[in-house]
Amino acid sequence: MKDAANHDASLERIEHDAAAWVLRCDRGLTPAEQDAYSEWLAADPRHCAQLARHRQHWGRLDKLAQWMPEHSAQPNPDLLAPPPRRPLRYVPVALTLAVAAAVAVFLFVPRSHEAEPAPGRAPAVAKVAPPAASGQRVLDDGTVVELNRDAAVTVQFTAAERRVRLERGEAHFTVTKNPARPFIVNAAGIDVRAVGTAFNVRVESAAVEVLVTEGTVRLDSRPEIASATPAPLVPALEARQRAVVSMGVAAPPPQIDTLTAGEIERVLAWQHRLLNFTSAPLQEIVAEFNRRNSVQLVVIDPELAAVRISASFRSDNIDGFVTLLEAGFGARAERRGDGKIVLSKVQK
């Protein structure tokens, strides 16, 4: 008898929590709530079931938001009727899902098989790509560039070197190794030179900041801001080191610091993007996840692919996103050994 009472109390608590999460998702989750929400879903299989049940109930009530009485010169008698003893309190719901994550995942693309020209036959005119702004971009050599909001780069590759100009903002580069063609990022007159490494560059009004996350880079001044070919500003900047180069004629030497793992995570926190969608089909949301992650989602059910979702998702938490699809949208996930997760509709 006691066990049955405890079971009933536990189920009642789960139902209460599920209803509360539906309402919280409707008004939007804070980052702390996003973490708690994901943990709550994963704690007990009954949580997902109750969440789906309450979401279905709210979905039925949501149709009332579409109802409006016709315009009439006569009052609507239903509006004048006395209220029932327990009036139904309607809360409009358009469920917003949000998923927390800690680590951004970069998409590494194999180096393309480009034909290397013979030595001494570099083209006179460099190949220049138009500026690209915001998001992730894979260059012709396989280098991955992640652009912060409002950042923009211009790519200029020749047979002798791979040069990218950071026009504004902040970008992270994961460089494909090729000792014969050094990779150079120019930011406000400062060259960041690498062979195969990963580093972050930020252009500010009075300084350029370079953080090395892997490998080694060298910082040089460009001839346009120096009267002669200068010595390197920083001969070797190692992994976990950050250099801040001040602009100006009488600028002090670069300031170099070695950062802790926590400090590096804070500097690169902009890479943990929150993706916002309003009535977007699932196929579109999946495409955005696939563009930013190495684990690829595949939707094989056209009906599921067409489901429209208004939500905010963390771009780097694939597992949390899939869990929410299974809990609230009738999806079934099959994780394959080739790094793909296949999504289909649960057959009733």
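No value in this document is a laboratory result; all are computed from the given coordinates. Predicted model, so just to flag it, every value in this text is computed and none were measured. A quick note on method: Cβ atoms are made from the backbone with ideal geometry, for glycine too, and the neighbour counts reach across all protein chains shown.
Amide hydrogen proximity for Glu167: with H placed 1.01 Å from N in the peptide plane, the residues at 5 or more positions away or on another chain lying under 5 Å are Ala152, Val153, Thr154.
For a test of the definition: using alpha carbon positions, the gyration tensor, and the 1.5 limit on a/c, classify the range 127-269 as rounded, prolate or oblate. Rounded shape, in that the Cα axes give a/c under 1.5.
Of Leu282, Leu324, the sequence from fewest to most neighbouring Cβ atoms within 10 angstrom is Leu282, Leu324. For the range 197-348, a/c is not less than 1.5, where a ≥ b ≥ c are the root eigenvalues of the C-alpha gyration tensor, and a/b tops b/c. That puts it in the prolate class.
Once the Cβ-Cβ distance of His16 and Val346 is raised to the sixth power relative to R0 = 25 Å, the FRET efficiency obtained is 0.45.
When the charge dipole of the range 251-348 is built from unit charges on Cβ atoms (+1 for Lys and Arg, -1 for Asp and Glu) and taken about the Cα centre, the candidate among Val295, Ser315, Ile341 whose Cα reaches farthest toward its positive end is Ile341. Extending 7 Å from the Cα toward the beta-carbon at both Ser221 and Gln156 defines two label points whose distance is 2.0 nm.
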